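Asker: Got a structure for you, written out below as structure tokens; questions coming shortly.
Here, each number is a calculation from the coordinates, and none is a lab measurement. All figures in this text were calculated on a predicted structure; none of them were measured in a lab. All Cβ positions, glycine included, derive from the backbone under ideal geometry; neighbour counts span all protein chains shown.
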Amino acid sequence: MPFRFPVKFEIPKHSYVNARVIKDQFKRLQYAEHEVQRNALKYIARNTELPGNVRLEAQLQLSSMPKYTSLTQIRDRCVASGNGKWVIKDFKLNRTAFRDRATAGIIPGVKKASW
Amino acid sequence: MFRSRFFSTGLRVLNQAGGVKPVKSKAKAKGSSGKVLNNGPSGSTNGSTTGKVSPSEYLSQIKQQEVEQQQFKSSLLQGDYPYEPKIISNEPINVELLKYKPIRLPKTHGHEVATIKFRGYEEDDIKLAGEFVSRAAFFLGIPVSSIIKEKTEKRLYTVIKSPFAQAKTKQNFHRVTYNYKVIGYDANAEVVDLWMSYVNKYAVEGVKYSAKIHTRESQSFVKELDDLKDFAVPESYKDSNDPIMERVEELLASDQFKKHF
């Protein structure tokens, strides 16, 4: 089976790992690597003081960059279960993972609320 | 007429003695006048249990109270009461003081020099941290405010109770974050630095400390700024070490972009 990703990278050690988590990790690493280049191109493309051709060139280069270098491709995933849905950002946990831990009293400061 | 007036004085005596709840007797008196007259004798009998007094006796009682009040006032002017502590331990005084609320020094000018804020999920931890800070301030000679409570934050998390489907049944959790602060007054910058570093060294785990430190400038500060000759505002992005701007310059100098200029 051929290697799935264009470059080799490290598998995340801090979280639960499955195929989708690895895919997301790849995108995160790629975005970090190309962040400066993307922002520089964006700066040129949106700078109205530069000639139109220069701006167009920058925009073309920007759109020809691979999709996995874009920030919008990154999605928050649960650290405990790798789930991509219903992730509570404060804890990086999916609702079920959060509920298990909260009821067990593992998460600092979180208690069952009743009023 | 006489009866009703007597009843009212009886009520007053009762109120002062505190034997019977005054609210109840008032509620009784609020009823129709006929009822009051009927209840009159029973009220007076109640009064006799705590001590029925004649008008002349009542006047003498008031006189007695006035004399006692006068004696109390004159005793206050005599000076301090003799102080005899009940607990005497062999511990050094600073250890002994840990058993009491932190002592605070009086402000000399009331100029705020630093505000330390505490933030955390455990209220006891924060209070411990706050007391430590104010004790440290006392031994460094910094006047501080009391440990002031600030607004408590409650973040609510409502999740579906079931791990799968049945989304109607929810469960609520909340995270309570407590905020406290201590304000320091009238201290030199060096002393405040010492205070901060000491507090930081022995910081309580689970409490987030943040400090706002005030500095004071001379009145000629603005003039001194104007007189500065070497001072220059950086020219847009060019003087900054922004990697994006470095890349922009690199790109604009490249062959692909040069041909468009």
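Asker: If r is the Cβ-Cβ distance from A:THR48 to A:TYR16 and R0 is 41 Å, what FRET efficiency results, to the nearest 0.05?
Answerer: After rounding to 0.05, the efficiency reads 0.30.
Asker: Would you mind counting up the charge near A:PHE5? Only other residues with Cβ under 14 Å from its Cβ, with Lys and Arg at +1 and Asp and Glu at -1.
Answerer: Here the charged neighbours net out to +4.
Asker: OK, next. Which one of A:GLN73, A:LEU50, A:VAL110 has its Cα pushed farthest toward the positive end of the charge dipole of chain A, where Lys and Arg give +1 and Asp and Glu give -1 at the Cβ?
Answerer: About the Cα centre, the residue reaching furthest to the positive side is A:VAL110.
Asker: Once the piece of chain linking B:PHE139 and B:ILE213 is laid out straight, how much longer is it, given 0.36 nm per residue of separation minus the C-alpha distance between them?
Answerer: Residue separation times 0.36 nm, minus the Cα-Cα distance, leaves 24.7 nm.
Asker: Sort B:ASP226, A:ASP24 by Cβ crowding within 10 Å, fewest neighbours at the top.
Answerer: In increasing order of surrounding Cβ atoms, one gets B:ASP226, A:ASP24.
Asker: Count the lysine pairs in the range B:64-171 whose Cα atoms lie under 23 Å apart, taking only pairs 8 or more positions apart in sequence or on different chains.
Answerer: The result is 20.
Asker: Let me ask something else. How would you classify chain A from its alpha-carbon gyration tensor, with a ≥ b ≥ c the square roots of the eigenvalues: rounded for a/c under 1.5, else prolate if a/b is greater than b/c, otherwise oblate?
Answerer: Judged from the Cα gyration tensor, chain A comes out oblate (a/c at least 1.5, b/c at or above a/b).
Asker: With an 8 Å Cα cut-off and a minimum separation of 6 or more residues, compute the relative contact order for chain A in percent.
Answerer: Result for chain A is 21 percent.
Asker: Simple spin-label model, 7 Å along Cα-to-Cβ: B:HIS260 to B:GLU205 in nm?
Answerer: Modelled inter-label distance: 5.6 nm.
Asker: Hey, in the GNM for chain A with a 10 angstrom Cα cutoff, which one of A:ARG77, A:ARG28, A:ARG55 fluctuates hardest?
Answerer: In the Gaussian network model the winner is A:ARG55.
Asker: Further, regarding this structure: Note down the net charge around B:TRP195, summing +1 for each Lys or Arg and -1 for each Asp or Glu among other residues with Cβ under 12 Å from its Cβ.
Answerer: 0
Asker: From the P(r) of the range B:78-145, could you give the percentage of C-alpha pairs in the tail past 16 Å?
Answerer: Counting every Cα pair in the range B:78-145, those more than 16 Å apart make up 61 percent.
Asker: Still on this structure, please answer the following. Based on the Cβ-Cβ distance of B:GLN78 and B:ILE148, what FRET efficiency does E = 1/(1 + (r/R0)^6) give at R0 = 41 Å, to the nearest 0.05?
Answerer: 0.65
Asker: What number, rounded to the nearest 500 deg cm²/dmol, is the helix-based mean residue ellipticity at 222 nm of chain A, given -39500 (n - 2.57) per DSSP H run of at least four residues and division by all its residues?
Answerer: Mean residue ellipticity, 222 nm, calculated: -14500 deg cm²/dmol.
Asker: Can you name the helices of chain A, as whole DSSP H runs, whose Cα span along the helix axis is 18 Å or more and whose Kyte-Doolittle mean is not below -1.0?
Answerer: Qualifying helices: A:19-46.
Asker: Can you tell me how the range B:102-247 classifies by the Cα gyration tensor, rounded, prolate or oblate, using a/c under 1.5 as the rounded cut?
Answerer: oblate
Asker: Farthest toward the dipole's positive end in the range B:143-261, which of B:ILE160, B:ILE244, B:SER220, given Cβ charges of +1 (Lys, Arg) and -1 (Asp, Glu) about the Cα centre?
Answerer: B:ILE160
Asker: Which value in nm describes the separation of the simple spin-label points at B:GLU57 and B:SER220, placed 7 Å from the Cα toward the beta carbon?
Answerer: 8.5 nm
Asker: Take A:TYR43, B:TYR180 and order them by how many other Cβ atoms sit within 10 Å, fewest up front.
Answerer: By the 10 Å Cβ count, ascending: A:TYR43, B:TYR180.
Asker: Further, regarding this structure: Give me the one-decimal nm value for the distance between modelled label points at A:LEU29 and B:ASN90, 7 Å along each residue's Cα-to-Cβ direction.
Answerer: So the label points at A:LEU29 and B:ASN90 sit 6.6 nm apart.
Asker: Sticking with this structure for a sec: What is the fewest-to-most order of A:LYS27, B:LYS208, A:LYS89 by other Cβ atoms lying within 10 Å of their Cβ?
Answerer: A:LYS89, B:LYS208, A:LYS27
Asker: Specify whether the C-alpha gyration tensor of the range B:185-261 places it in the rounded, prolate or oblate class, a ≥ b ≥ c being the square roots of the eigenvalues: rounded for a/c under 1.5, otherwise prolate if a/b is larger than b/c and oblate if not.
Answerer: oblate
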